[in-house]
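Enquirer: Sharing a structure with you now.
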Amino acid sequence: MISQQGTHEGVGKGPVPRISEAPDMEGRFGEYGGVFVPETLIAPLRELDEFYEKLRHDDAFVDQLRELWASFAGRPTPLQFASRLTRLVQKGLGQKRGASIWLKREDLCHTGAHKINNALGQCLMAKKMGKKRVIAETGAGQHGVATATACAQLGLDCVVYMGAEDCRRQALNVTRMRMMGATVVPVEGGTRTLKDATNEAMRDWMGSSETTHYVLGSVVGPHPFPMIVRDFQSIIGIETKGQSLRHLGGIPDAIVACVGGGSNAAGIFYPFVDEKVKLFGVEAGGRSSEPGEHAAPLCLGSPGVLHGSLSYVLQSADGQTEAVHSCSAGLDYPGVGPEHAYWKDAGRVKYSAATDREAMEAMLELARSEGILCALETAHAVHAAMGIAADMDREQNLVICLSGRGDKDVDEASRLMREAGLFKD
Amino acid sequence: MSGRIDQIFSELRSGGRRAVMPFVCGQHPRPGATGEILRALERAGAPIVEIGVPFSDPIADGPTIAGAMHSALEAGANPRGLLEEIAAVRGELSIGLVAMVSVSIAHRLGGADGFVDLAADCGLDGLIVPDLPLEASGGFLKACERRGLSLSLLVAPTTPEERVREIAASCRGFVYLLARAGITGEREGAVDLAGPVGRVRAVTDLPIAAGFGISSPAQVAEAVRHADAAIVGSALVRRISESDDPAGEAERFVRSLVEAAGPGASEGPTASAGPEISRG
């Protein structure tokens, strides 16, 4: 069975439902989530919900997916002790402070990030549903590349919508997708970034759902997408749990992950939400907390509807989606998954933001102490984790979800680092 | 009871007539333009006008309407400003005014109760909330009944029969029938609504307005053979975008649509489907 913790049957009959039991039958995570889409999409979403409900109990499907994850995507990824980063954090704290830092190495996945976990799951599901065509949205291009990759592996037609501005910034990923046979459609509408690519993918699906599956890339959108993407990404947390028991002799004391839409965070958090582990999500603090200068809806936004579900959103007082900024294209999104909104309000996960500068500094610190060039997205988590570890006891353990590698960011990050005086050629 | 919209459809039915329901994007081509365009549409003979509230992320709209919304927003359009423009012109118009508004905006501007009050106070006669699903529509229905507004949920070609019944039961004023799957936009070719309209007629006496992909006089004539009203959006919005005289152009084009819908349309096979009371 695909990684759902509390299923609707048998668990948590007491008065307080377990955090893991969300969403309910209508796709609600507490008050968040739901299905806010034109009626045309209701039938395909229900079809998907029903199909997925059967599929996740289907041993043959689960075996096939696990085999793809293992032989094609390179799972399980290691849980690595970051000895030199740990020592860097412990420096000057005395004998009793500074937790051990561990890295869950999703950057070692095929295509360079956790996105492949979900792309393979959903593309395999599309095949089982008899759909021959797959569409996806992408921002930085990582989900687009992962979907193009999965489609090539599984023999599906692939169309990726990408904001025209993002196509320019991430030209390398556009080429990677096209080399794998995908059609990349630059989206000229709106702000020409991820949210507009998402609008365009939903528009395509409204007219094509009979033959087409929409591979949504994060834990956002209408039900059942936030649940499906979380479940496929939960392999990160499931592996982390097993590896922690072996390497640490127990579950970790804290887990830290970056949050854009929130799929890597949901994936590593979910198997731990009912356990005694402190969970920390880190959003993009951008240049400042002024409107338009960041991408931190959980920290600085308010509840609203975007892309088919109710969650925290960066919106104007009139309900228009606000401009966002982050140095990392993968966090540059005005919304966030509804389950994160639920975890925030329930006090289960603590969310903070790291600025562009803090992320770039952390990217360099990790590169120089561990020889790992992580993605700019991931670097937000690394920054926050160093502060959190410093406040923990020496015998405690903290895991960072190292969601992606930084190859795609080298040009942009080094340019920004030179501007900020952090890096010289 | 949804006030003016019920009355308009009741009069149409008793006169054996079908309607053209033009869609315009509010505050497009610029803030301040709404009143003049609504007057032009009334002169052209449209009994009800649909006014789209500009939204940054309209997922049901094709490039023409989404583009108009973005350019209106860039020119300073905003929902409260639009409602003020509507309130300012309401007194001199007798046509029905129905807002097409995303649940994102309605949620932000006071939720079901607050937004419906705001809309009613500004003289709107009804709401279409295209991304409000049946399951989440209860609050809006209650509020619209309280204020005498029509509430139109969408019925899609993909909607199963039992759900069509439930959706129609949660509508007031008229049902909005999507003439095809997909998004708004101009389409060529024939529009055959016999089947889709029949599915809705079978479960409700409410008037049926069909939209999405209806753009020419010939298509309007086809659509109103079955539906009570044909909604034309993108074809009109494009003309407004491109013209130096948006109100004049809108009036000319909508008049041609109204003529196409003409009295002959009343002979459609569904003229007898109306409730007794509305034929009196």
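Enquirer: What pairs can you find where one residue is in region A:182-206 and more than 18 Å from B:Ser71 (Cα to Cα), the other is among the polar types (S, T, N, Q) and surrounded by fewer than 24 Cβ atoms within 10 Å (Cβ to Cβ), and their Cβ atoms are less than 7 Å apart, with a gap of 6+ or different chains?
Expert: Filtered contacts from region A:182-206: A:Trp205/A:Thr212.
Enquirer: Report every pair of residues separated by at least 6 positions or lying on different chains whose Cβ atoms are under 7 Å apart, first residue within region A:213-233 and closer than 19 Å to A:Leu331 by Cβ, second surrounded by fewer than 24 Cβ atoms within 10 Å (Cβ to Cβ).
Expert: none
Enquirer: Please list, ordered by first then second residue, the pairs with beta carbon atoms under 6 Å, 6 or more apart or interchain, first in region A:317-338 and farther than 14 Å from A:Gly139 by Cβ, second surrounded by 22 or more Cβ atoms within 10 Å (Cβ to Cβ) and among the acidic types (Asp, Glu).
Expert: A:Thr321/B:Asp57
Enquirer: So which residues in region A:199-215 are over 17 Å from A:Ala148 (Cβ atoms) and either at the interface with chain B (Cβ under 9 Å from one of its Cβ atoms) or surrounded by 24 or more Cβ atoms within 10 Å (Cβ to Cβ) (or both)?
Expert: A:Asn199, A:Met202, A:Arg203, A:Met206, A:Gly207, A:Ser208, A:Ser209, A:Glu210 - these are the residues of region A:199-215 that are over 17 Å from A:Ala148 (Cβ atoms) and either at the interface with chain B (Cβ under 9 Å from one of its Cβ atoms) or surrounded by 24 or more Cβ atoms within 10 Å (Cβ to Cβ) (or both).
Enquirer: For region B:147-170, does any single residue satisfy the condition of being surrounded by fewer than 21 Cβ atoms within 10 Å (Cβ to Cβ), under 30 Å from B:Arg30 (Cα atoms), polar (S, T, N, Q) and over 14 Å from the mean Cα position of the chain (by Cα)?
Expert: There is no residue in region B:147-170 that is surrounded by fewer than 21 Cβ atoms within 10 Å (Cβ to Cβ), under 30 Å from B:Arg30 (Cα atoms), polar (S, T, N, Q) and over 14 Å from the mean Cα position of the chain (by Cα).
Enquirer: In region A:165-189, which residues are more than 14 Å from A:Asp204 (Cα to Cα) and at pLDDT 95 or above?
Expert: Correct list: A:Val174, A:Thr175, A:Arg176, A:Met177, A:Arg178, A:Met179, A:Met180, A:Gly181, A:Ala182.
Enquirer: Quick one: which helices (runs of 4 or more DSSP H) sit completely within region B:206-280 and have at least 1 residues that are modelled with pLDDT of 90 or more and either crowded, with 21+ Cβ neighbours inside 10 Å or among the hydroxyl-bearing types (Ser, Thr, Tyr) (or both)?
Expert: B:217-223, B:234-242, B:246-261
Enquirer: Now for a different question. Could you figure out which of (1) in a strand (DSSP E or B); (2) assigned by TED's automatic domain parsing to the domain that holds A:Ala99 isn't true of A:Pro252?
Expert: Unmet for A:Pro252, out of (1) in a strand (DSSP E or B); (2) assigned by TED's automatic domain parsing to the domain that holds A:Ala99: (1).
Enquirer: A further question on this structure: Return the only residue of B:Val103, B:Val49 being out of contact with any helix residue (DSSP H, G or I) (no Cβ under 7 Å at 6 or more places or on another chain) and either closer than 23 Å to B:Arg180 by Cα or surrounded by fewer than 24 Cβ atoms within 10 Å (Cβ to Cβ) (or both).
Expert: B:Val103 is the lone residue from the list that is out of contact with any helix residue (DSSP H, G or I) (no Cβ under 7 Å at 6 or more places or on another chain) and either closer than 23 Å to B:Arg180 by Cα or surrounded by fewer than 24 Cβ atoms within 10 Å (Cβ to Cβ) (or both).
Enquirer: Restricting the search to region A:182-227, which residues are over 18 Å from the mean Cα position of the chain (by Cα) and in a helix (DSSP H, G or I)?
Expert: Those that are over 18 Å from the mean Cα position of the chain (by Cα) and in a helix (DSSP H, G or I): A:Asp196, A:Asn199, A:Glu200, A:Ala201, A:Met202, A:Arg203, A:Asp204, A:Trp205, A:Met206, A:Gly207, A:Ser208.
Enquirer: A:Gly221 is checked against (1) within 13 Å of chain B (Cβ to nearest Cβ); (2) more than 13 Å from A:His307 (Cα to Cα) and fails just one. What number does that condition carry?
Expert: Among (1) within 13 Å of chain B (Cβ to nearest Cβ); (2) more than 13 Å from A:His307 (Cα to Cα), the lone unmet condition for A:Gly221 is (2).
Enquirer: I'd like the full set of residues that are over 20 Å from B:Ala260 (Cβ atoms) and in a helix (DSSP H, G or I), limited to region B:42-73.
Expert: B:Pro63, B:Thr64, B:Ile65, B:Ala66, B:Gly67, B:Ala68, B:Met69, B:His70, B:Ser71, B:Ala72, B:Leu73, listed by residue number.
Enquirer: Let me ask another. Filter region A:293-319 down to the residues that are surrounded by 24 or more Cβ atoms within 10 Å (Cβ to Cβ), within 7 Å of chain B (Cβ to nearest Cβ) and either in a loop (DSSP other than H, G, I, E, B) or among the β-branched types (Val, Ile, Thr) (or both) and list them by number.
Expert: Within region A:293-319, A:Val305, A:Gly319 qualify.
Enquirer: Let me ask something else. Out of (1) under 22 Å from the mean Cα position of the chain (by Cα); (2) closer than 19 Å to A:Val273 by Cα, the odd one out for A:Gly250 is which?
Expert: Checking A:Gly250 against (1) under 22 Å from the mean Cα position of the chain (by Cα); (2) closer than 19 Å to A:Val273 by Cα, the one that fails is (1).
Enquirer: Here is a check on your reading of the model: is A:Leu45 at pLDDT 95 or above and either more than 14 Å from chain B (Cβ to nearest Cβ) or farther than 28 Å from A:Gly221 by Cα (or both)?
Expert: It is false that A:Leu45 is at pLDDT 95 or above and either more than 14 Å from chain B (Cβ to nearest Cβ) or farther than 28 Å from A:Gly221 by Cα (or both).
Enquirer: B:Ala40 fails exactly one of the following numbered conditions: (1) out of contact with any strand residue (DSSP E or B) (no Cβ under 9 Å at 6 or more places or on another chain); (2) modelled with pLDDT under 95. What is the number of that condition?
Expert: With (1) out of contact with any strand residue (DSSP E or B) (no Cβ under 9 Å at 6 or more places or on another chain); (2) modelled with pLDDT under 95 applied to B:Ala40, the lone miss is (2).
Enquirer: Right, here's the next one. Kindly indicate the residue of region B:141-200 that is among the polar types (S, T, N, Q) and outside any strand (DSSP E or B) and also farthest from the other protein chains (Cβ to nearest Cβ) among those meeting that condition.
Expert: By that ranking, first place goes to B:Ser170.
Enquirer: What are the residues in region B:13-41 that are assigned to a strand (DSSP E or B) and either surrounded by fewer than 24 Cβ atoms within 10 Å (Cβ to Cβ) or of a type in the set (Phe, Trp, Tyr) (or both), if any?
Expert: B:Phe23
Enquirer: Here's another thing I want to ask about it. State all residues of region B:73-100 that are more than 11 Å from every other protein chain (Cβ to nearest Cβ), in contact with a helix residue (DSSP H, G or I) (Cβ under 9 Å, 6 or more places away or on another chain) and among the small types (Gly, Ala, Ser); if no residue qualifies, say none.
Expert: B:Ala87, B:Ala88, B:Ser94, B:Gly96, B:Ala99
Enquirer: Filter region B:106-155 down to the residues that are in contact with a helix residue (DSSP H, G or I) (Cβ under 7 Å, 6 or more places away or on another chain) and β-branched (Val, Ile, Thr) and list them by number.
Expert: Hits for region B:106-155 are B:Val116, B:Val129, B:Val155.
Enquirer: Residues in region A:160-181: is at least one assigned to a loop (DSSP other than H, G, I, E, B) and either surrounded by fewer than 21 Cβ atoms within 10 Å (Cβ to Cβ) or at positive phi (or both)?
Expert: Yes, region A:160-181 contains at least one residue that is assigned to a loop (DSSP other than H, G, I, E, B) and either surrounded by fewer than 21 Cβ atoms within 10 Å (Cβ to Cβ) or at positive phi (or both).
The values are calculated or read from the model by the stated rules, or taken from the named source; none is laboratory data. Just so it is clear, the model here is predicted, and its values are computed rather than measured. Note: ideal-geometry Cβ built from the backbone for every residue, glycine included; neighbour counts use all protein chains shown.
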